[in-house]
Structure formats: structure tokens, C-alpha cells
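Step one of this worksheet: look at the structure below.
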Amino acid sequence: MTRVTGSEEPLAGGAPAGRHAVVVGGGLAGATAALALADAGVRVTLLEGRPRLGGLAFSFQRGDLTVDNGQHVYLRCCTAYRWLLDRIEGAALAPLQNRLDVPVIDAGRPEGRRLGRLRRDPLPVPLHLGRSLAAYPHLSLAERANVGRAALALKGLDPADPALDDQDFGSWLAAHGQSPRAVEALWDLVGVATLNAVAGDASLALAAMVFKTGLLSDPGAADIGWAHVPLGELHDRLTRKALDSAGVRTEVRTRVTSVSPRGDGSWSVEVPGETLHADAVVLAVPQREAHDLLPAGALDDPGRLLGIGTAPILNLHVVYDRTVLTSPFFAALGSPLQWVFDRTRASGLREGQYLAISQSVAQNDIDEPVAVLRERYLPELERLLPRARGAVVRDFFVTRERAATFAPAPGVGRLRPGARTKAPGLYLAGAWTATGWPATMEGAVRSGVGAADAALSTLGRPRPRHLFAGNGTAGRGTPAPAVREGLR
């Protein structure tokens with residue numbers, strides 16, 4: 001195994017006495033669980049098969065460019081992820097907008113592109129979005145009025161109601177007077193980015209949770225935050241530093257081959273050439289990998305994990321010889337493009353501009369050759385960004401996450417397991433578990449907290465006082481300037 005941190009003691013046999021937990025998986029869920037357990041005084045070993053931490057929110061080098069595998073954002077309501085940023089001392093590197101402000105370009109109008117904005121005012125819910133919605137140019141007056149009525153109806157839903165999980169969001173929207181245009185220009189604009197599914201393919205329970213929490217819970221809930229440094233700086237380097245300081249032994253390039261109970265109530269975790277013994281094990285890996293590692297009897301129906309589908313995200317990366325976008329990001333309508341972000345400064349690019357295009361619900365494009373994607377998307381950037389016309393494209397490349405998220409299809413709620421299994425001492429974590437959230441960084445962190453809480457209860461260890469409590473009291477981070485005007 002490749003040692004990253006910790007002493008040179010053997011992982012098993014010669015380790016110090018005391019409660020020992022093994023966390024399998026070094027993504028956000030696993031790192032959170034490891035930190036929480038270590039903060040409670042448990043000796044923790046974290047095992048990750050990749051050469052880095054961070055799961056599917058990571059960075060890599062492409063020449064002199066530091067590239068995130070895909071654009072990741074969070075909202076002010078993502079209090080667990082914000083707690084993690086504070087815990088690893090990274091909040092100032094991923095600041096929030098002062099107020100929600102999303103430029104939305106509609107390029108599908110016969111008269112040409114048109115710019116609208118979704119932003120909030122410092123007013124109580126739902127008045128905080130009233131002025132923005134009233135002036136939103138991408139909907140008719142009647143459609144705006146119907147959106148307001150649907151939002152009030154949505155506010156009355158209980159996302160925990162199992163009946164909502166069996167319904168699809170698209171049918172609910174249609175039944176509440178939402179036109180196809182309203183779905184495209186508003187509901188899917190938000191829902192595709194957060195759920196990785198169009199309304200007709202999304203569970204009403206998950207959609208209700210997203211919109212109630214993000215838009216209808218608190219005036220500032222939907223303010224957007226994003227990393228102003230490479231994701232690897234947060235989810236690998238700073239997370240690893242925090243794990244070191246907490247006394248966690250972190251092993252990368254270490255793939256677990258089996259997890260099995262021992263006769264004395266403890267657990268054996270097999271890695272190539274070594275066996276680790278633990279009082280508790282947290283499996284913080286994707287659902288299919290968890291299925292393969294679960295011992296017999298750990299779940300009543302382990303096959304349900306295989307019923308949790310996956311959905312892809314495609315990311316296109318374009319480096320221009322000049323600045324073509326003058327705001328941090330924008331969303332698009334009437335175009336194959338969805339969300340476009342300026343990643344120039346974070347990437348280390350010194351000349352020109354680097355744009356990252358995030359394409360959710362990418363089933364039709366995920367396997368297309370780079371040349372085809374280039375031919376399809378570069379003209380769209382020129383159509384939406386006049387400054388891109390005549391600019392030289394210095395580089396164009398693609399990153400593909402074929403199983404980026406779990407698919408939030410109707411009925412998925414009954415398939416998602418909780419943190420506890422039927423095997424004492426074995427716990428599950430990951431955004432795909434029953435957090436109530438879709439597959440987001442927030443859901444991943446919440447799952448890690450939940451698994452650690454369950455393990456600490458079994459181990460008889462008190463919960464760390466500073467651990468995220470789910471009450472919205474996480475640190476506020478450092479606000480960023482509001483999104484600037486000007487997409488010309």
C-alpha cells in the first residue's frame with residue numbers, strides 16, 4: 001500500500017489499542033465520516049482506491065492547466081458541505097454570492113439572443129423572487145403568474161411523503177398549469193443542474209425537496225457558491241491535511257477486496273497483501289461497489305442497490321486566446337448548452353480564457369467523439385457569446401462521468417438504504433443513500449455525518465460538539481461579489 005499519512009506501525013496487529021474504524025472510500029462522504037469519527041476519539045484508517053481523495057469532485061493536470069473534472073457548485077442552503085469547508089479551513093476558497101444572481105441567455109428567439117436574470121431581493125420568502133420573476137423576459141405574463149401559483153402549491157408538499165416519490169415532477173407541473181416553455185425556462189433550468197434529470201424523469205419527492213429548500217425556505221438559500229481554486233485544493237490537499245491533523249491514517253491506491261464479520265463482533269477488511277481489523281466499517285463507495293462488498297445478510301434485499309440507476313454528466317473544456325465571457329457564469333435556453341463557467345483564474349491560465357461547459361442529462365452525448373462534440377458546441381458558444389466569434393480556440397477537450405450521479409427517477413426513494421445495515425458495526429455512506437437529497441456534494445457530506453453518528457452510537461463514543469448538526473448553523477464562509485453584469 002502507498003502510505004500517505006500516519007506512523008510506520010503496521011496497519012494490523014501492531015496498532016495501538018482502542019476503538020478502530022475503517023472507512024472505505026475517500027470521496028466527500030468517506031472523508032466526512034473519517035473526520036467525524038476521528039474527532040470523537042476513534043482511531044480511523046481511510047482507504048481509497050484512487051491515487052487521490054475527492055471522489056468525483058477532483059482536479060487533474062493538462063500541461064500547465066489545472067482542470068476540474070467538472071464544474072461543481074453549492075448553495076447557501078448546503079449547510080453540511082459548508083460545515084465541511086469550514087472543517088478543512090477552505091471556506092474562503094469557495095465563497096458564496098452576496099445574493100442569488102443567474103444570467104440566463106435565450107438564444108432560441110427569432111429576434112436573436114436575449115438576456116434575462118434570476119436574482120433575489122432582500123425580502124421575505126416568497127417576495128424575495130417576486131420582482132425577478134415579474135421581469136423575467138423568458139416567460140409570458142400568464143406563465144409567470146402560473147409559476148407563482150405552482151410554487152405556492154409546491155411549498156405545501158412534504159418531500160418525506162412516500163407517495164410523492166412514486167410520482168414524476170413533470171406530470172405534477174403539467175397538472176399545476178406549467179407550460180412546456182415554463183418547464184424549460186425555469187423548472188428544468190434549476191432541476192436539470194441539481195437533479196441531473198428533466199422534470200418528467202425526476203421523482204416529485206426529490207424535486208420538491210430541491211425547490212422547497214433552495215428557493216422557498218429562506219431568502220438566501222439559493223445563493224450560489226463555487227470553488228475559486230481547483231477542486232483538488234479543497235477535496236484532496238486541504239482534506240488530507242485535516243485528516244492528518246485529526247490522526248487519520250489515509251491510504252490511497254488501496255482497493256478493498258472484501259469486508260467480513262469476525263466471530264468476536266469485529267470486522268476484517270481485506271486489501272492486497274494485508275488484513276485490517278476494525279470495530280466499525282463505513283462503506284462510502286458507489287452503490288454497485290457497496291453491493292459487491294456487503295456480506296450476506298447485511299441488507300434484507302441487497303439487490304435493490306443495483307436498482308438505483310446512474311446518470312451521466314458531460315463536461316466540455318474550451319481555451320480561447322482572448323476573453324469572450326465577462327461574467328463568472330451563465331445559463332442558456334434555446335441551445336444545447338446548459339451552464340457555462342469561467343475557470344480561467346482557478347486553472348492557472350495566464351493568457352486567454354478557459355471556459356468549462358457543464359452538461360447534465362447527457363445520455364445522448366456522453367459517448368460522442370470529441371470531434372463531433374467540438375463541431376456541435378463551439379458554434380453554440382459563438383452564437384451566445386459574440387466575443388467568441390473570431391477568437392482562436394487553443395484547446396478543446398472533454399471529460400466524461402458516465403455514472404456521475406444516481407438517477408433520481410420516481411421510486412428511487414424506496415431503494416436508497418439508510419446508514420445502518422443489519423450487520424452490527426457496518427454502515428453505508430454516499431450521496432446515493434437515504435439522505436433525502438439528490439446526488440450532490442451536500443448529500444454526500446450529510447451521508448458521511450449520518451454514518452459516523454450511527455457508528456459512534458454503536459461504539460459508545462460521544463458525538464463531537466462541533467460536528468454538523470443539520471440545523472443550518474454551519475459557518476457562513478466568505479461572500480463573493482455578486483455576478484457581474486455584461487455577457488457581451
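The table below gives the values:
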item: Enumeration of residues in the stretch 400-436 that are in contact (Cβ under 8 Å) with a residue 40 or more places away in the chain, open to solvent by 30 Å² or more (accessible area, probe 1.4 Å) and among the hydrophobic types (A, V, I, L, M, F, W, C); result: Ala403, Ala409, Leu415
item: Qualifying residues in the stretch 186-200 (those that are part of a loop (DSSP other than H, G, I, E, B) and in contact with a helix residue (DSSP H, G or I) (Cβ under 9 Å, 6 or more places away or on another chain)) - the one least open to solvent (accessible area, probe 1.4 Å); result: Ala197
item: Close pairs (9 angstrom Cβ cut-off, 6 or more residues apart or separate chains): within 16 Å of Leu46 (Cα to Cα) and of a type outside the set (A, V, I, L, M) in the stretch 270-297, open to solvent by less than 10 Å² (accessible area, probe 1.4 Å) and part of a helix (DSSP H, G or I) anywhere; result: Asp279/Ala455
item: Strands (runs of 3 or more DSSP E) (entirely within the stretch 37-105) containing at least 2 residues that are open to solvent by less than 10 Å² (accessible area, probe 1.4 Å); result: 43-47
item: Selected residue (criterion: least open to solvent (accessible area, probe 1.4 Å)) from residues of the stretch 303-327 that are assigned to a loop (DSSP other than H, G, I, E, B) and among the small types (Gly, Ala, Ser); result: Ser327
item: Condition met for Val4 (at pLDDT below 95 and of a type in the set (A, V, I, L, M, F, W, C)); result: yes
item: Any chance Ala208 is assigned to a loop (DSSP other than H, G, I, E, B), open to solvent by less than 10 Å² (accessible area, probe 1.4 Å) and in contact (Cβ under 8 Å) with a residue 40 or more places away in the chain; result: no
item: Looking only at the stretch 215-236, and only at residues there that are of a type in the set (D, E, K, R) and part of a helix (DSSP H, G or I), the one that is surrounded by the most Cβ atoms within 10 Å (Cβ to Cβ); result: Asp236
item: Residue within the stretch 127-137 that is in contact (Cβ under 8 Å) with a residue 24 or more places away in the chain, over 26 Å from the mean Cα position of the chain (by Cα) and under 30 Å from His228 (Cα atoms) present; result: yes
item: Of the criteria (1) touching a strand residue (DSSP E or B) at 6+ places or on another chain (Cβ under 7 Å); (2) within 17 Å of Thr310 (Cα to Cα); (3) not in a loop (DSSP other than H, G, I, E, B), which one Arg414 fails; result: (1)
item: Counted residues, the stretch 273-302 - those being at pLDDT 95 or above, open to solvent by 60 Å² or more (accessible area, probe 1.4 Å) and more than 21 Å from the chain's Cα centre (by Cα); result: 5
item: Selection count, the stretch 356-378, where residues are within 24 Å of Arg345 (Cα to Cα), in a helix (DSSP H, G or I) and either open to solvent by less than 70 Å² (accessible area, probe 1.4 Å) or of a type in the set (Asp, Glu) (or both); result: 2
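The values are calculated or read from the model by the stated rules, or taken from the named source; none is laboratory data. For clarity, every value in this text was computed on a predicted model and none was experimentally measured. Cβ coordinates were reconstructed from backbone atoms using ideal geometry, including for glycine residues, and neighbour counts include every protein chain displayed. SASA here: full protein model, heavy atoms, side chains in, ligands and nucleic acids out. Shrake-Rupley method; radii C 1.70, N 1.55, O 1.52, S 1.80 Å.
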